[in-house]
Structures are given as C-alpha cells and as structure tokens.
Amino acid sequence: MARRWRCAVGRFPVVVNGEEQYSIWVEGRELPLEGRDTGVTGTREECLAHIDEVWTDQRPLSVRRPGRPVICPGSPVPGDASGGSRSRCS
C-alpha cells in the first residue's frame, strides 16, 4: 500500500545520510540522527526534482565503493566545501 503524506504542502529540506541516500524531511522537525541537511529546501515537488537530478546511483555508498569508510553523522555532505572530517564510526 502506498504511504500517504501527512504534510504534502509546505517546505521541505533535502536530507542525505552517510550512505549518500537522499530524502526530504518536514521543515522544522529534528533531522534523523544519520541525516544531514544538504542546504536545499523547497516544495515537495522541487525537492524531489532536485533529488532526481543529483542522486543518479541509488546504491548505498558502501556498495558503490567497497573499502571506503562509512561517513559518520556530522561529516560534510559529499561535494560540500564547508570542511569537516570523515572518519570511521565507532
């Protein structure tokens, strides 16, 4: 059964996790522990269009690049020039 959106209107941030999997989140709600705000916010349709554009390989990062350490929460978003460090999660 298809899941219905409780909040189909409003603004949504685009979130990415350590496996570089994208989703949208309800603005104002606390992000999931493993989620990072990408800086892109818009309507549901705008965000989903952005995700379609940037998330071209939907396999998790650990499957796409074996041997590469998993990006821990708090690490920068891929392609983000704001800095930060990447390390193995404990």
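Points to keep in mind about this one:
So that you can scan it fast, the table gives a plain yes or no per residue for (1) open to solvent by 60 Å² or more (accessible area, probe 1.4 Å); (2) at pLDDT 90 or above; (3) in a loop (DSSP other than H, G, I, E, B); (4) among the aromatic types (Phe, Trp, Tyr):
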{"position": "VAL26", "(1), (2), (3), (4)": "no, yes, yes, no"}
{"position": "VAL70", "(1), (2), (3), (4)": "yes, no, yes, no"}
{"position": "PRO76", "(1), (2), (3), (4)": "no, no, yes, no"}
{"position": "GLY83", "(1), (2), (3), (4)": "no, no, yes, no"}
{"position": "SER90", "(1), (2), (3), (4)": "yes, no, yes, no"}
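- So SER62, is it assigned to a loop (DSSP other than H, G, I, E, B) and either open to solvent by 90 Å² or more (accessible area, probe 1.4 Å) or modelled with pLDDT under 95 (or both): no
The values are calculated or read from the model by the stated rules, or taken from the named source; none is laboratory data. Everything quoted here is computed from the prediction, not taken from an experiment. These accessible areas exclude ligands, DNA and RNA; they are computed on the full protein's heavy atoms, side chains included. Shrake-Rupley method; radii C 1.70, N 1.55, O 1.52, S 1.80 Å.
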